[in-house]
Amino acid sequence: MALFLYAHPRAEQIEELAAAWDLHPVLFEDLIHAGQRPKLERYGDTLFLVARAARYLDDTEEVDFGEFHVLLRPGAVAVICQDDRWISAPDGVRHHPDDIDFGDRERAMLTDQALLKMGPIAVVYMLLDTIVEAYLPVLHGITNDKEEIERQVFSGDLSVAERIYRLSREVIEIQQAIASLTDAVDMLRSDAEDQKVSPELLTRLDSVADNLTQAATKVSMLREALTQILSVNATLVNQRQNEDMKKISGWAAILFAPSLVGGIYGMNFEVMPELSWHLGYLFALGAMLVLAVVLYLVFKRSKWI
(Lines give C-alpha, C1' and ligand atoms only; values in the text may rest on other atoms or scores of the structure.)
Protein backbone atom coordinates (compact mmCIF):
# COMPACT_ATOMS: atom_id res chain seq x y z
CA MET A 1 0.00 0.00 0.00
CA ALA A 2 1.31 3.46 -0.94
CA LEU A 3 0.77 6.27 1.57
CA PHE A 4 1.30 9.91 0.57
CA LEU A 5 1.28 12.67 3.20
CA TYR A 6 1.26 16.34 2.18
CA ALA A 7 1.73 18.56 5.24
CA HIS A 8 2.13 21.84 3.36
CA PRO A 9 1.22 21.10 -0.29
CA ARG A 10 2.34 23.38 -3.07
CA ALA A 11 0.35 23.77 -6.26
CA GLU A 12 3.08 21.90 -8.14
CA GLN A 13 2.73 18.90 -5.83
CA ILE A 14 -1.02 18.80 -6.34
CA GLU A 15 -0.50 19.01 -10.10
CA GLU A 16 1.97 16.15 -10.00
CA LEU A 17 -0.44 14.03 -7.96
CA ALA A 18 -3.31 14.85 -10.31
CA ALA A 19 -1.24 13.88 -13.33
CA ALA A 20 0.04 10.66 -11.76
CA TRP A 21 -3.43 9.55 -10.62
CA ASP A 22 -5.29 11.01 -13.62
CA LEU A 23 -7.65 12.93 -11.33
CA HIS A 24 -10.90 14.39 -12.58
CA PRO A 25 -10.65 18.16 -13.36
CA VAL A 26 -13.40 18.98 -10.84
CA LEU A 27 -11.54 17.04 -8.16
CA PHE A 28 -8.31 18.81 -9.06
CA GLU A 29 -10.05 22.20 -8.64
CA ASP A 30 -11.29 21.17 -5.19
CA LEU A 31 -7.77 20.20 -4.15
CA ILE A 32 -6.27 23.46 -5.40
CA HIS A 33 -8.84 25.90 -4.02
CA ALA A 34 -9.87 24.00 -0.85
CA GLY A 35 -12.55 25.60 1.33
CA GLN A 36 -14.74 22.50 1.04
CA ARG A 37 -17.37 21.29 3.46
CA PRO A 38 -16.97 17.73 4.82
CA LYS A 39 -18.14 15.33 2.14
CA LEU A 40 -17.46 12.06 0.35
CA GLU A 41 -17.45 11.86 -3.45
CA ARG A 42 -16.39 9.23 -5.94
CA TYR A 43 -14.56 10.02 -9.18
CA GLY A 44 -14.04 6.78 -11.04
CA ASP A 45 -11.80 4.57 -8.91
CA THR A 46 -10.84 7.47 -6.63
CA LEU A 47 -12.75 8.25 -3.45
CA PHE A 48 -12.50 11.88 -2.28
CA LEU A 49 -13.08 12.60 1.41
CA VAL A 50 -13.06 16.05 3.04
CA ALA A 51 -12.86 16.23 6.84
CA ARG A 52 -12.44 19.21 9.17
CA ALA A 53 -10.39 18.83 12.33
CA ALA A 54 -11.19 21.24 15.15
CA ARG A 55 -9.59 22.70 18.26
CA TYR A 56 -10.99 25.19 20.75
CA LEU A 57 -9.18 28.45 21.44
CA ASP A 58 -10.35 29.19 24.96
CA ASP A 59 -8.82 32.69 25.14
CA THR A 60 -10.87 33.94 22.19
CA GLU A 61 -13.71 31.42 22.54
CA GLU A 62 -13.36 30.38 18.91
CA VAL A 63 -13.30 27.02 17.14
CA ASP A 64 -10.30 26.76 14.82
CA PHE A 65 -10.77 24.33 11.93
CA GLY A 66 -8.22 22.48 9.85
CA GLU A 67 -9.27 21.09 6.48
CA PHE A 68 -8.03 17.68 5.35
CA HIS A 69 -8.48 16.08 1.94
CA VAL A 70 -8.12 12.34 1.53
CA LEU A 71 -7.79 10.59 -1.82
CA LEU A 72 -8.45 6.88 -1.63
CA ARG A 73 -7.88 4.41 -4.44
CA PRO A 74 -6.99 0.69 -4.66
CA GLY A 75 -3.59 0.19 -3.06
CA ALA A 76 -2.92 3.87 -2.35
CA VAL A 77 -4.08 6.77 -0.19
CA ALA A 78 -3.06 10.44 -0.14
CA VAL A 79 -3.75 12.77 2.82
CA ILE A 80 -3.51 16.51 2.17
CA CYS A 81 -3.62 19.26 4.80
CA GLN A 82 -5.05 22.52 3.46
CA ASP A 83 -4.62 24.77 6.53
CA ASP A 84 -0.95 24.52 7.55
CA ARG A 85 -1.91 22.29 10.46
CA TRP A 86 -1.07 18.65 10.34
CA ILE A 87 -1.83 15.43 12.11
CA SER A 88 1.69 14.31 12.88
CA ALA A 89 3.54 11.79 10.76
CA PRO A 90 4.00 8.16 11.89
CA ASP A 91 7.26 9.06 13.63
CA GLY A 92 5.41 11.58 15.79
CA VAL A 93 7.50 14.53 14.53
CA ARG A 94 5.54 17.76 14.49
CA HIS A 95 5.85 19.85 11.35
CA HIS A 96 4.13 22.90 12.80
CA PRO A 97 3.73 24.32 16.34
CA ASP A 98 -0.04 23.88 16.14
CA ASP A 99 0.02 20.31 14.85
CA ILE A 100 -2.71 17.95 15.98
CA ASP A 101 -0.86 14.93 17.29
CA PHE A 102 -2.04 11.42 16.58
CA GLY A 103 -1.09 10.41 20.12
CA ASP A 104 0.33 7.11 21.33
CA ARG A 105 -2.71 5.07 20.38
CA GLU A 106 -2.80 6.38 16.82
CA ARG A 107 0.94 6.00 16.36
CA ALA A 108 0.57 2.41 17.49
CA MET A 109 -2.10 1.97 14.84
CA LEU A 110 0.22 3.26 12.13
CA THR A 111 2.69 0.55 13.08
CA ASP A 112 -0.02 -2.11 13.36
CA GLN A 113 0.67 -4.23 10.33
CA ALA A 114 -2.52 -6.22 10.84
CA LEU A 115 -4.53 -3.01 10.61
CA LEU A 116 -2.61 -1.65 7.65
CA LYS A 117 -3.14 -4.92 5.79
CA MET A 118 -6.81 -4.01 5.75
CA GLY A 119 -5.97 -1.57 2.98
CA PRO A 120 -5.95 2.19 2.40
CA ILE A 121 -9.26 2.64 4.15
CA ALA A 122 -7.49 1.76 7.43
CA VAL A 123 -5.52 5.02 7.14
CA VAL A 124 -8.76 6.87 6.50
CA TYR A 125 -10.21 5.31 9.62
CA MET A 126 -7.23 6.45 11.73
CA LEU A 127 -7.55 9.99 10.41
CA LEU A 128 -11.29 10.13 11.05
CA ASP A 129 -10.96 8.55 14.48
CA THR A 130 -8.42 11.18 15.53
CA ILE A 131 -10.46 14.07 14.12
CA VAL A 132 -13.71 12.90 15.69
CA GLU A 133 -12.15 12.33 19.11
CA ALA A 134 -10.75 15.88 18.95
CA TYR A 135 -14.32 17.19 18.74
CA LEU A 136 -14.99 16.12 22.34
CA PRO A 137 -12.43 18.52 23.94
CA VAL A 138 -13.86 21.28 21.73
CA LEU A 139 -17.36 20.62 23.02
CA HIS A 140 -16.01 20.40 26.58
CA GLY A 141 -14.41 23.83 26.21
CA ILE A 142 -17.64 25.31 24.82
CA THR A 143 -19.58 23.72 27.70
CA ASN A 144 -17.28 25.38 30.25
CA ASP A 145 -17.78 28.77 28.62
CA LYS A 146 -21.53 28.17 28.48
CA GLU A 147 -21.56 27.60 32.25
CA GLU A 148 -19.56 30.80 32.76
CA ILE A 149 -22.11 32.65 30.64
CA GLU A 150 -24.95 31.32 32.78
CA ARG A 151 -23.33 32.76 35.90
CA GLN A 152 -22.66 36.00 34.04
CA VAL A 153 -26.32 36.28 32.98
CA PHE A 154 -27.65 35.97 36.52
CA SER A 155 -25.04 38.39 37.85
CA GLY A 156 -26.61 41.13 35.74
CA ASP A 157 -23.68 41.69 33.36
CA LEU A 158 -25.09 43.68 30.43
CA SER A 159 -22.25 42.70 28.09
CA VAL A 160 -23.11 39.00 28.16
CA ALA A 161 -25.45 39.13 25.13
CA GLU A 162 -22.57 39.66 22.71
CA ARG A 163 -20.69 36.74 24.27
CA ILE A 164 -23.74 34.50 23.84
CA TYR A 165 -24.06 35.44 20.17
CA ARG A 166 -20.37 34.80 19.49
CA LEU A 167 -20.38 31.42 21.22
CA SER A 168 -23.61 30.46 19.43
CA ARG A 169 -21.93 31.19 16.12
CA GLU A 170 -19.06 28.84 16.99
CA VAL A 171 -21.52 26.14 18.04
CA ILE A 172 -23.33 26.46 14.72
CA GLU A 173 -20.05 26.06 12.82
CA ILE A 174 -19.01 22.94 14.74
CA GLN A 175 -22.53 21.56 14.36
CA GLN A 176 -22.37 22.01 10.59
CA ALA A 177 -18.95 20.33 10.46
CA ILE A 178 -20.16 17.36 12.52
CA ALA A 179 -23.38 16.97 10.54
CA SER A 180 -21.59 17.05 7.18
CA LEU A 181 -18.90 14.64 8.38
CA THR A 182 -21.59 12.29 9.71
CA ASP A 183 -23.10 12.08 6.23
CA ALA A 184 -19.64 11.46 4.74
CA VAL A 185 -18.84 8.70 7.25
CA ASP A 186 -22.18 7.02 6.60
CA MET A 187 -21.43 7.02 2.88
CA LEU A 188 -17.93 5.69 3.57
CA ARG A 189 -19.34 2.84 5.65
CA SER A 190 -21.78 1.97 2.90
CA ASP A 191 -19.02 2.07 0.28
CA ALA A 192 -16.79 -0.06 2.52
CA GLU A 193 -19.51 -2.67 2.78
CA ASP A 194 -19.85 -2.74 -1.01
CA GLN A 195 -16.07 -3.14 -1.32
CA LYS A 196 -16.22 -6.08 1.12
CA VAL A 197 -13.90 -4.47 3.67
CA SER A 198 -12.99 -6.67 6.65
CA PRO A 199 -15.62 -6.88 9.42
CA GLU A 200 -13.10 -5.59 11.97
CA LEU A 201 -12.54 -2.38 10.05
CA LEU A 202 -16.28 -1.96 9.53
CA THR A 203 -16.68 -2.28 13.30
CA ARG A 204 -14.09 0.46 13.81
CA LEU A 205 -15.87 2.70 11.30
CA ASP A 206 -19.10 2.04 13.19
CA SER A 207 -17.33 3.24 16.34
CA VAL A 208 -16.35 6.47 14.59
CA ALA A 209 -19.96 6.93 13.50
CA ASP A 210 -21.15 6.35 17.07
CA ASN A 211 -18.71 8.97 18.39
CA LEU A 212 -19.96 11.40 15.77
CA THR A 213 -23.53 10.74 16.87
CA GLN A 214 -22.59 11.46 20.47
CA ALA A 215 -20.83 14.67 19.41
CA ALA A 216 -23.86 15.69 17.34
CA THR A 217 -26.13 15.13 20.34
CA LYS A 218 -23.91 17.21 22.62
CA VAL A 219 -23.60 20.07 20.15
CA SER A 220 -27.39 20.09 19.65
CA MET A 221 -27.86 20.33 23.41
CA LEU A 222 -25.31 23.16 23.57
CA ARG A 223 -27.07 25.09 20.83
CA GLU A 224 -30.44 24.64 22.53
CA ALA A 225 -28.96 25.66 25.89
CA LEU A 226 -27.44 28.83 24.44
CA THR A 227 -30.78 29.68 22.82
CA GLN A 228 -32.48 29.29 26.20
CA ILE A 229 -29.79 31.36 27.92
CA LEU A 230 -30.26 34.12 25.35
CA SER A 231 -34.02 34.05 25.99
CA VAL A 232 -33.51 34.16 29.77
CA ASN A 233 -31.04 37.03 29.40
CA ALA A 234 -33.55 38.99 27.28
CA THR A 235 -36.22 38.40 29.93
CA LEU A 236 -33.91 39.55 32.72
CA VAL A 237 -32.89 42.62 30.74
CA ASN A 238 -36.57 43.50 30.22
CA GLN A 239 -37.23 43.04 33.92
CA ARG A 240 -34.30 45.30 34.84
CA GLN A 241 -35.51 47.89 32.33
CA ASN A 242 -39.00 47.75 33.83
CA GLU A 243 -37.55 48.21 37.31
CA ASP A 244 -35.51 51.15 36.09
CA MET A 245 -38.59 52.70 34.47
CA LYS A 246 -40.51 52.30 37.73
CA LYS A 247 -37.76 54.09 39.63
CA ILE A 248 -37.53 56.85 37.05
CA SER A 249 -41.33 57.29 37.05
CA GLY A 250 -41.49 57.30 40.85
CA TRP A 251 -38.81 59.94 41.29
CA ALA A 252 -40.30 61.98 38.45
CA ALA A 253 -43.68 62.02 40.26
CA ILE A 254 -42.02 62.96 43.57
CA LEU A 255 -40.19 65.85 41.92
CA PHE A 256 -43.30 66.90 40.01
CA ALA A 257 -45.38 67.53 43.18
CA PRO A 258 -43.20 70.41 44.52
CA SER A 259 -42.91 71.75 41.00
CA LEU A 260 -46.72 71.79 40.73
CA VAL A 261 -47.14 73.78 43.96
CA GLY A 262 -44.33 76.13 43.00
CA GLY A 263 -45.81 76.58 39.52
CA ILE A 264 -49.24 77.49 40.87
CA TYR A 265 -47.85 80.13 43.21
CA GLY A 266 -45.50 81.39 40.54
CA MET A 267 -48.30 82.41 38.16
CA ASN A 268 -48.48 85.91 39.79
CA PHE A 269 -52.25 86.28 39.73
CA GLU A 270 -53.41 89.40 41.56
CA VAL A 271 -56.25 87.66 43.34
CA MET A 272 -54.87 84.71 45.27
CA PRO A 273 -55.91 84.12 48.93
CA GLU A 274 -52.47 83.22 50.17
CA LEU A 275 -50.55 86.10 48.57
CA SER A 276 -51.19 88.42 51.50
CA TRP A 277 -50.91 85.71 54.11
CA HIS A 278 -47.86 86.03 56.35
CA LEU A 279 -47.50 82.24 56.57
CA GLY A 280 -48.15 81.64 52.86
CA TYR A 281 -44.49 81.03 52.02
CA LEU A 282 -44.07 78.49 54.82
CA PHE A 283 -47.40 76.88 53.84
CA ALA A 284 -46.24 76.44 50.25
CA LEU A 285 -42.94 74.90 51.34
CA GLY A 286 -44.77 72.62 53.75
CA ALA A 287 -47.21 71.52 51.07
CA MET A 288 -44.30 70.69 48.77
CA LEU A 289 -42.57 68.68 51.47
CA VAL A 290 -45.72 66.81 52.54
CA LEU A 291 -46.60 65.86 48.96
CA ALA A 292 -43.04 64.66 48.26
CA VAL A 293 -42.92 62.58 51.46
CA VAL A 294 -46.35 61.02 50.85
CA LEU A 295 -45.47 60.09 47.28
CA TYR A 296 -42.11 58.71 48.42
CA LEU A 297 -43.78 56.48 51.01
CA VAL A 298 -46.38 55.28 48.49
CA PHE A 299 -43.78 54.39 45.87
CA LYS A 300 -41.49 52.86 48.49
CA ARG A 301 -44.28 50.61 49.72
CA SER A 302 -45.03 49.59 46.13
CA LYS A 303 -41.30 48.87 45.60
CA TRP A 304 -41.06 51.32 42.74
CA ILE A 305 -38.06 53.01 44.34
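Among the candidates Arg166, Arg151, which residue alone is under 25 Å from Leu236 (Cα atoms) and touching a residue at least 12 places away in the same chain (Cβ under 8 Å)? Checking each option against the conditions leaves just Arg166. Pairing residues of the range 58-76 that are farther than 13 Å from Tyr43 by Cβ and touching a residue at least 24 places away in the same chain (Cβ under 8 Å) with residues that are aromatic (Phe, Trp, Tyr) and surrounded by 15 or more Cβ atoms within 10 Å (Cβ to Cβ), at Cβ distances under 6 Å and at least 6 apart in sequence or on separate chains, gives Val63/Tyr56.
I'm checking my understanding of the structure. Among residues of the range 235-247 that are loosely packed, with under 12 Cβ neighbours inside 10 Å and of a type outside the set (S, T, N, Q), which one is nearest to the chain's Cα centre (by Cα)? Spell out the reasoning first.
Just the residues of the range 235-247 that are loosely packed, with under 12 Cβ neighbours inside 10 Å, to begin with: 235, 238-239, 241-242, 244-245.
Of the ones still in play, those that are also of a type outside the set (S, T, N, Q) are 244-245.
Details: Asp244: 33, Met245: 35 Å.
Out of the qualifying residues, it is Asp244.
Contact map, the range 279-305: first residue closer than 30 Å to Arg240 by Cα, second residue polar (S, T, N, Q) and surrounded by 12 or more Cβ atoms within 10 Å (Cβ to Cβ), Cβ cut-off under 9 Å, separation 6 or more or different chains; pairs are Phe299/Ser249; Trp304/Ser249. Quick check on my filter: what residues within the range 43-76 are within 22 Å of Glu148 (Cα to Cα), of a type in the set (A, V, I, L, M) and either in contact with a His (Cβ under 9 Å, 6 or more places away or on another chain) or open to solvent by 20 Å² or more (accessible area, probe 1.4 Å) (or both)? The answer is Leu57, and nothing else.
Note on the range 2-42: residues that are open to solvent by 70 Å² or more (accessible area, probe 1.4 Å), within 20 Å of Pro74 (Cα to Cα) and assigned to a loop (DSSP other than H, G, I, E, B) amount to 2.
Okay, residues lined up against (1) at pLDDT 80 or above; (2) more than 33 Å from the chain's Cα centre (by Cα); (3) surrounded by 15 or more Cβ atoms within 10 Å (Cβ to Cβ); (4) not aromatic (Phe, Trp, Tyr):
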| residue | (1), (2), (3), (4) |
| --- | --- |
| Lys218 | yes, no, yes, yes |
| Arg223 | yes, no, yes, yes |
| Thr227 | yes, no, no, yes |
| Val232 | yes, no, no, yes |
| Gly250 | yes, yes, yes, yes |
| Ile254 | yes, yes, yes, yes |
| Phe283 | no, yes, no, no |
| Leu291 | yes, yes, yes, yes |
| Phe299 | yes, yes, yes, no |
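The values are calculated or read from the model by the stated rules, or taken from the named source; none is laboratory data. These numbers come from a predicted model, not from an experiment. In this analysis, Cβ positions are derived from the backbone assuming ideal geometry, glycine residues included, and neighbour counts consider all displayed protein chains. The accessibility values were calculated without ligands, DNA or RNA, using every heavy atom of the protein model including side chains. Shrake-Rupley method; radii C 1.70, N 1.55, O 1.52, S 1.80 Å.
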